[in-house]
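Structure first, then comments.
The values are calculated or read from the model by the stated rules, or taken from the named source; none is laboratory data. Note that the structure is a prediction, hence the values are computed from the model and not measured. Neighbour counts run over all protein chains shown; Cβ positions are idealised from the backbone, glycine included. We work out accessible area using only protein heavy atoms, side chains counted, and drop any ligands, DNA or RNA first. Shrake-Rupley method; radii C 1.70, N 1.55, O 1.52, S 1.80 Å.
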Amino acid sequence: MIRIETADITQLKVDAIVNAANSTLLGGGGVDGAIHRAAGPQLLDECRAIGGCPTGEARITQGYHLPAGYVIHTVGPIWQGGERGEAQLLASCYRECLKLCPAKAIKRIAFPAISCGIYGYPKAAAVAIAVATVASLYQRVGVEEVIFCCFDETMADLYRTEISG
Ligand code: AR6
C-alpha cells in the first residue's frame with residue numbers, strides 16, 4: 001500500500017524513515033537537520049563512521065531516539081537544469097533505499113520529498129519519479145507500506161494528483 005501523509009517525518013513510527021542527506025552524511029538543514037536533532041548525537045557518530053555517500057546511493061543506520069527503527073540516508077541530486085542526470089539520480093535514490101529493506105526486514109518505510117527543498121528539484125517532476133519508482137519496486141523487496149511524508153499540503157496534493165491520475 002502507498003499512502004500520503006502530511007507530517008513531520010521524525011514523528012513517524014515506522015520501520016525506517018528516509019533522510020534527504022548530503023554526501024558528507026554529517027547533517028545539514030531541512031529534513032536532515034530535523035532527523036539528526038530528533039535522533040540524537042549517536043546518529044552523527046554512526047554517520048561519521050560511514051564516511052559519506054555518493055549522490056544516488058543510500059546508507060542505513062539505526063534510528064536511536066527516533067520512533068523509527070532505522071534511518072536510510074540517501075543523497076538526492078542538486079537540480080542544475082535537468083540535463084545533468086538529475087532524473088536518473090533521483091530514481092536511483094528511491095531504488096537504492098528500497099533495496100536496503102529486505103536485509104533488515106523493513107516492512108513500513110516513509111520517504112520525504114527527496115531533493116524538493118534546498119536541492120531545488122521541480123516538485124511535480126520529482127513526485128512523478130518518486131511514485132513511479134516506488135510503485136514498480138516496493139512489493140518485490142518485501143515492503144508492505146510506503147508513506148510519502150509531506151511537510152505541507154501543497155506537496156501532499158502533488159502526490160495525490162500523481163497517484164490518482
Ligand atoms: N518532515 C517531512 N518533510 C520535511 C521535514 C520534516 N521534518 N523537513 C523538511 N521537509 P530538504 P533536499 C521537506 O531541503 O532538497 C539538507 O541541508 C521539505 O519541505 O530537507 O533533498 C541536506 O543536508 C521538502 O519538501 O532536502 C542537504 O544538504 C523535502 O522535505 C540538502 O538539505 C526535502 O527538503 C538536501 O536537500
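Can you confirm whether I163 is in contact (Cβ under 8 Å) with a residue 60 or more places away in the chain and within 21 Å of D15 (Cβ to Cβ)? Spelling it out, it is not the case that I163 is in contact (Cβ under 8 Å) with a residue 60 or more places away in the chain and within 21 Å of D15 (Cβ to Cβ). Residues that are more than 13 Å from the chain's Cα centre (by Cα) and in a helix (DSSP H, G or I) were ranked within segment 110-135; the one that is nearest to the ligand (Cβ to nearest atom) is K123. Against the list (1) within 16 Å of A130 (Cα to Cα); (2) open to solvent by 50 Å² or more (accessible area, probe 1.4 Å), the condition P77 fails is (2).
Pairs meeting the criteria (first residue in segment 129-158 and at positive phi, second residue open to solvent by 60 Å² or more (accessible area, probe 1.4 Å), beta carbons under 8 Å, at least 6 apart or on different chains) are G142/P102; G142/A105; G142/K107.
Got a number for residues in segment 23-67 being in a loop (DSSP other than H, G, I, E, B), out of contact with any Lys or Arg (no Cβ under 8 Å at 6 or more places or on another chain) and either surrounded by 21 or more Cβ atoms within 10 Å (Cβ to Cβ) or small (G, A, S) (or both)?
10
Which numbered condition in (1) farther than 22 Å from E144 by Cα; (2) in contact (Cβ under 8 Å) with a residue 60 or more places away in the chain is the only one that I4 fails? Result: I4 passes all but (1). Every listed requirement among (1) near the ligand (Cβ under 9 Å from one of its atoms); (2) in contact with a Phe, Trp or Tyr (Cβ under 7 Å, 6 or more places away or on another chain) is met by D32 save one, (2). When you scan segment 136-156, do you find a residue that is small (G, A, S), under 23 Å from T10 (Cβ atoms), open to solvent by less than 20 Å² (accessible area, probe 1.4 Å) and in a loop (DSSP other than H, G, I, E, B), even just one? Looking for residues that are small (G, A, S), under 23 Å from T10 (Cβ atoms), open to solvent by less than 20 Å² (accessible area, probe 1.4 Å) and in a loop (DSSP other than H, G, I, E, B), one finds none in segment 136-156, hence no. The set of residues in segment 95-109 that are open to solvent by less than 50 Å² (accessible area, probe 1.4 Å), within 16 Å of the ligand (Cβ to nearest atom) and under 26 Å from Q80 (Cα atoms) contains only C97.
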